[in-house]
Amino acid sequence: MKRRLLVLSALTFFSFASFGQNDQPDLAVVKKIRDEGLNRSKVMETAFYLTDVNGPRLQGPGFMKAANWTKNKLTEWGLQNARLEPWGEWGKGWAIERCYIAMTAPYYKTIIAVPRAWSGSTDKLQQAEVLYIDESDTTALEGYRDKLKNKVILLHQPFEIKPSFNPDARRFTEEDLAKMAKDDATPRDSSYRNMLLAMRTRNAFNQKMRKLAKQGGALAILNTSQLSKDGTLFVSGDFANAASGTAHDDLADLTISVEDYLSLSRMAKAGVPIKLELDVKTRFYTTDTKGYNVLAEIPGSDPKLKEEVVMLGAHLDSWHAATGATDNAAGSAVMMEAVRILKTLGLKPRRTIRIALWSGEEQGLHGSKNYVTKHFIDPTTKKFTKEGEQLAGYFNVDNGTGKIRGIYLQNNTAAGPIFAKWLEPFHDLGATTVAPKSSGGTDHVSFDRVGLAGFGFIQDGIEYSTRTHHTNMDTYDHLIADDLKQASTIVASFVYHAAMRDQKIPLKPAAADLGQSGR
């Protein structure tokens with residue numbers, strides 16, 4: 001009863017005038033989709049190849065290896081026109097070939113470390129002293145220019161480790177879902193804005209220090225974050241460096257745990273001599289500097305509707321500290337499994353179904369943004385192109401391994417009653433909630449921001465924010481098979497029903513003005 005009330009309370013936000021047709025799901029087809037998706041799933045097999053076998057999928061050779069594998073797999077499953085489509089110029093590819101660092105004085109201690117993406121090398125095993133810099137003003141850094149040669153730079157950071165009394169893994173409660181359905185989201189207060197401002201200020205300072213360290217001949221610079229504790233390192237990269245013209249970088253930039261960072265800082269501040277040894281080798285790739293998306297289709301069967309397209313997608317690229325299992329091999333495997341289910345069942349969608357596996361998401365949604373701009377928006381009129389007019393909707397998965405609990409509407413209230421109906425056959429699997437609000441930070445935003453019908457699913461967080469998102473722990477073993485089977489099944493049903501309905505998924509009123517025809 002609680003689950004039913006969640007949907008009913010959500011529907012109070014929606015205009016039933018948007019019901020231009022009967023959106024009751026085809027229960028006979030849903031039964032087949034559930035049987036295939038829950039009992040004969042290949043989602044974990046796909047995830048295994050994308051993670052353990054492929055490795056990290058950072059822009060460069062790691063991504064291209066995965067992209068070619070997914071293209072071939074989609075072709076093997078019977079999808080048509082599987083291809084790698086360039087979206088524009090990206091820059092250099094990058095990969096780690098070797099990374100070792102340890103403290104050798106005042107005693108020996110190994111240090112867990114991961115190079116930041118697009119950072120440089122020491123080229124060989126090097127011995128170095130630590131230079132501790134306790135400054136907060138960028139102008140004060142100039143005073144250290146002559147002290148940097150062959151040093152490992154350690155900047156003062158105001159971090160403090162506090163115990164956490166909350167569980168790492170969490171699912172949404174019925175109360176959480178009820179708040180989402182009512183759009184009862186707590187607004188962010190000024191402390192959040194202040195935190196972002198402080199972060200930007202610190203990042204600007206760190207970038208100034210990196211530039212000075214390169215000019216001064218430093219061997220390496222160490223970095224960390226408040227969250228990089230208990231063996232979990234949160235690692236990203238200096239992706240602006242991907243666009244630079246050089247194919248080599250002499251400064252190693254290493255993320256280490258906050259525990260090791262604070263220990264080194266305390267000793268350095270106390271004047272204890274510290275010696276490190278380190279051997280870091282990274283490689284830049286400049287042969288092909290373009291970015292690519294993976295695309296494939298199940299062709300439509302209705303002569304009047306087959307030119308229209310329902311899209312589903314997830315970003316295939318990942319960061320490099322682990323194998324990008326929850327971010328976002330999980331989403332890519334779910335979307336691949338959804339189209340495999342539809343193909344295996346021999347279903348004949350009226351509209352064409354197109355899967356897209358994006359690249360460059362981690363560095364700013366580049367793959368999806370460029371695809372949307374190239375295909376759907378006229379650069380002169382800023383209105384929808386013919387392809388844009390023919391897009392019936394886009395669905396995205398990129399929130400970890402957790403099962404689907406519902407869908408975010410992106411404030412597109414006209415779509416609410418439709419999705420509420422499509423969720424009904426999956427209430428027993430925990431998918432009940434239609435949330436009016438928007439979610440951001442991933443590829444459906446590229447569609448939504450220009451007025452197209454783009455949506456992301458509500459997923460249980462599990463360990464996403466605490467252990468796996470952009471960390472060295474984001475591995476296959478943190479995936480939950482039953483959750484991914486459930487997600488694949490629901491996505492397959494949503495995509496199928498979007499491809500079968502008489503009308504396209506409605507747009508927001510303001511967005512509809514960009515087009516020239518009705519939905």
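The table below lists the values:
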| quantity | calculated |
| --- | --- |
| Overall form of the range 243-361 per C-alpha gyration tensor (a/c, 1.5; a/b vs b/c) | prolate |
| Long pairs among Lys124/Lys151; Lys42/Lys65; Lys32/Lys421; Lys304/Lys421; Lys71/Lys290; Lys109/Lys269, criterion Cα-Cα beyond 22 Å | Lys304/Lys421 |
| Around Val30: net Lys/Arg minus Asp/Glu count, Cβ-Cβ under 14 Å | -2 |
| Where trypsin sites (Lys or Arg not before Pro) fall in DSSP loop in the range 36-80, at most 11 other Cβ within 10 Å | Arg40 |
| Dipole of the range 138-297, positive end: most advanced residue of Ala268, Pro158, Ser257 [Cβ charges, Cα centre] | Ala268 |
| Charge dipole (debye, nearest 20) of the chain; +1 at Cβ of Lys and Arg, -1 at Cβ of Asp and Glu | 620 debye |
| With all protein chains modelled, accessible area of Met267 [1.4 Å, Å²] | 30 Å² |
| Low-density loop positions, trypsin sites (Lys or Arg not before Pro), the range 416-498 - DSSP coil, at most 16 other Cβ in 10 Å | Lys437, Arg449 |
| Efficiency of FRET between Leu125 and Glu45 - r from beta-carbon atoms, R0 30 angstrom, step 0.05 | 0.15 |
| Sites His427 and Arg283, calculated FRET efficiency, Cβ-Cβ separation with R0 35 Å, nearest 0.05 | 0.10 |
| Excluding exposed DSSP-loop GluC sites (Glu not before Pro) (at most 15 other C-beta within 10 Å), longest clean stretch of the chain | 308-519 |
| Inter-label distance for Met199 and Asp35, nm, one decimal - labels placed 7 Å from Cα along Cα-to-Cβ | 4.8 nm |
| Cα centroid of the range 117-139 to Cα centroid of the range 199-221, whole Å | 8 Å |
| Length released on extending from His248 to Thr173, taking residue separation times 0.36 nm less the Cα-Cα span | 22.0 nm |
| Relative contact order [Cα under 8 Å, 6+ residues apart], the chain, whole percent | 25 percent |
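The values are calculated or read from the model by the stated rules, or taken from the named source; none is laboratory data. No experiment lies behind these values; they were computed from the predicted model shown. Ideal geometry is used to build each Cβ from the backbone, glycine not excepted, and the neighbour counts take in all protein chains shown. In case anyone asks, the SASA skips ligands and DNA or RNA and just uses the protein heavy atoms, side chains included. Shrake-Rupley method; radii C 1.70, N 1.55, O 1.52, S 1.80 Å.
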